[in-house]
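Written out below as structure tokens is the structure these notes cover.
Derivation of every value follows stated rules applied to the coordinates shown; laboratory data play no part. These figures come from a predicted structure and were not determined experimentally. Ideal geometry is used to build each Cβ from the backbone, glycine not excepted, and the neighbour counts take in all protein chains shown.
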Amino acid sequence: MNNSHKIESLPRACLILPTYNEVENIESLIKEIFALQSNINTHRLHVIVVDDHSPDGTANIVGQQMKTFSRLHLVSGVKTGLGDAYKRGFSFALETFNPDLLLQMDADGQHEPKVIPELIKLADKDHDLIIGSRFISGGSTPNFSKWRRFLAVFGNWLVRWFGGITNVKDCTSGFRCIKANLISKCNLGVFSTKGYSFQSSLVYELLRNGGKPIEIPIIFSARTKGHSKLSFMDQVEFVFNLTKIAYRNSGEFIKYCFVGIAGAIVNISVYILLTRYFQVRIEIAPLVALEMSIMSNFILDNYWTFVERPRKLSLIKKAINFHLAAGFTGLVFYYALLLFMIKILGFNDIFSIIISIMAGAISNYLINSRYTWNKTN
Ligand code: GDD
Ligand code: MN
């Protein structure tokens, strides 16, 4: 088999290059990238330039080069930001080429093409997310101004802190290689990010979907031609995006608390109804109220709070687990504590039931999160 036939049979790696006014950089970059194919013997490289009608005519240069390079493609669109450009590029690549790998890279020369073969080499099944990192040993940002360096380091710290990402040092890097089947699991639509904060949203989403990251050092040198498009609005969006990441991260617990409050309302209403209107005894009424709230909570948690968790246990098994957890916490924290507060301490019964419900809720969350809707079931 000659070389070009061999390449045709390899799985595809699609490199997405977003461009906005990169007329001075794009031509030499594309040549350099395709020259690397000879160092890559596991994948055939496709390059997809996503250009947003750059006024400097970047797309014309790409159009000319497409005559030389059959695996060079152009996606044009309206400029709505770097993140939107990437979403379009990823969708195009996934729909058109059925790739094994997707790569992302800046088109302004700040990312060295020679790293591409290294990224691809690491894309085996143990690592489905390979990140070119400026912030691990060997990586650097030699020409960053103090301000830009502060923004990058502080921004990364915030993403890692809000997103609970402890195993990635460079969450905003734009140089990555991602297994296509990992990116296909992600719902890129849930992040409304249009600009640069797409980078941190994406890394967060990839990890949430089970991505196993590895970082290799890169030198993020200065731009020599053209200028950065990072805007003030990108930085504002970045900060708003952090709150979304934080919410998404703690989303289950927040939902669980809402369900808990709904359950508490059911519980207290049933208790008042039974004791005040039906003269049910104080030893019996809390137990009926407890069962009613357990059932309403179970239904809400199963179909709302934990709806994204794997569904390996049957509904009956989950209901039993849920009852065991609720029964245990219910008897210890709710029923015993409640009777103790009313009968021994002589507290008001409504006050006591509120305290007991709160005490039961926390231990309940811990048990259900760990057993009933276990992530790794
Ligand atoms: N299609 C398209 N649309 N491309 C864009 C847009 C856009 O709205 N905005 C920027 N680009 C392209 C640029 O042409 C360049 O190829 C690449 O995206 C990166 O843009 P720069 O403007 O050079 O970004 P930077 O150098 O300031 O930022 C770098 O570091 C950030 C973190 O510190 C990039 O790597 C970012 O991705 C990274 O988040
Ligand atoms: Mn740049």
Taking 0.36 nm per residue of separation and subtracting the Cα-Cα distance, what length does fully extending residue 136 through residue 299 add? 54.1 nm
Descending Cα extents along the principal axes, segment 249-370, whole Å: 44, 25, 20
Expressed as a rounded percentage, what relative contact order does the chain have, with Cα pairs under 8 Å and six or more residues apart? 14 percent
Give me the extension gain from residue 95 to residue 42: residue separation times 0.36 nm, minus the current Cα-Cα distance, reported in nm with one decimal. 16.9 nm
So if I restrict to the alpha-carbon atoms in segment 55-161, what is the Rg, and what is Dmax, the biggest pairwise distance, in Å? 16.6, 47
Sites residue 209 and residue 277 - FRET efficiency at Förster radius 56 Å, r taken between beta-carbons, to 0.05: 0.65
Once you put a point 7 Å from the Cα of residue 157 and another 7 Å from the Cα of residue 35, both along the Cβ direction, what distance in nm separates them? 4.1 nm
Can you tell me the length gained on complete extension of the stretch residue 60 to residue 250, counting 0.36 nm per residue apart and subtracting the Cα distance? 63.8 nm
Cut-off 10 angstrom, C-alpha nodes, Gaussian network model of the chain. Which of 219, 136, 350 fluctuates the most? 350
What dipole magnitude, in Debye to the nearest 20, does segment 109-197 give about its Cα centre under +1 on Lys/Arg Cβ and -1 on Asp/Glu Cβ? 260 debye
Taking the alpha-carbon set of segment 141-181, what are its Rg and Dmax in Å? 12.1, 38
Above 26 Å lies some portion of the pair distances; for the chain, what is it as a whole percent of all C-alpha pairs? 60 percent
Which of 18, 323, 83 sits farthest toward the positive end of the charge dipole of the chain, with +1 on the Cβ of Lys and Arg and -1 on the Cβ of Asp and Glu? 323
